[in-house]
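Report on the structure given below.
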Amino acid sequence: MSEQAYRAAVDAAVARWRLDRRGEPLTCLAFDGALPGRCHENAAAYVTKHGGEVVRGFLVMHPDGWPEVWVMPHSVVRTETGLVDVTLPADQLRWLGFYPLLDAIDGFEKLAQRFTRESRPIAL
């Protein structure tokens, strides 16, 4: 995946956020061995141990009154009951909406390490 394609995926997540400002519903699930700030590894470890599918995407953060949104790469797990976040507790998800990638992207994790947070201006 190119840097340009990654940034286009960020822009697509922000465009979807503008439509609903909620994202996909996430359920928080405590996972033994989950490490803070290691969502990609945590999701993969959970799938290896319990099954499911790793879902890559972006968390979009916009507390009221901000003139911009922050967009962070993130991985969760799709289970039979829906999407679960095995990294963040519920209180940290308060200001975040999760937007899965629309297409699979090779090299997403590598680019996610380079671009840990993007920002995009919004009209209030």
**Counted residues, the range 19-57 - those being modelled with pLDDT under 95, over 19 Å from Asp91 (Cα atoms) and within 16 Å of the chain's Cα centre (by Cα)** = 1
**Prompt:** Considering only residues of the range 87-118 that are within 12 Å of the chain's Cα centre (by Cα) and in a helix (DSSP H, G or I), which is nearest to Leu19 (Cα to Cα)?
**Reply:** Leu93
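Could you tell me which of the residues Val14, Val71, Val60, Val84 is within 13 Å of the chain's Cα centre (by Cα), in a helix (DSSP H, G or I) and surrounded by 14 or more Cβ atoms within 10 Å (Cβ to Cβ)? Outline the logic, then answer.
On the way: Val71 fails: in a helix (DSSP H, G or I); Val60 fails: in a helix (DSSP H, G or I); Val84 fails: in a helix (DSSP H, G or I).
Residue meeting the stated conditions: Val14.
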**Asked** Out of (1) surrounded by 10 or more Cβ atoms within 10 Å (Cβ to Cβ); (2) within 23 Å of Ser2 (Cα to Cα), the odd one out for Asp103 is which?
**Response** (1)
**Prompt:** Hey, among Gly33, Gly51, Gly65, which residue is of a type in the set (Gly, Ala, Ser) and touching a helix residue (DSSP H, G or I) at 6+ places or on another chain (Cβ under 7 Å)?
**Reply:** Gly33
**Request:** Could you please let me know if Val76 is out of contact with any Lys or Arg (no Cβ under 7 Å at 6 or more places or on another chain), in a strand (DSSP E or B), modelled with pLDDT of 90 or more and more than 21 Å from Arg21 (Cβ to Cβ)?
**Result:** no
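The values are calculated or read from the model by the stated rules, or taken from the named source; none is laboratory data. Since this is a predicted model, take the numbers as computed values, not measurements. We place every Cβ from the backbone using ideal geometry, glycine too, and count neighbours over all the protein chains shown.
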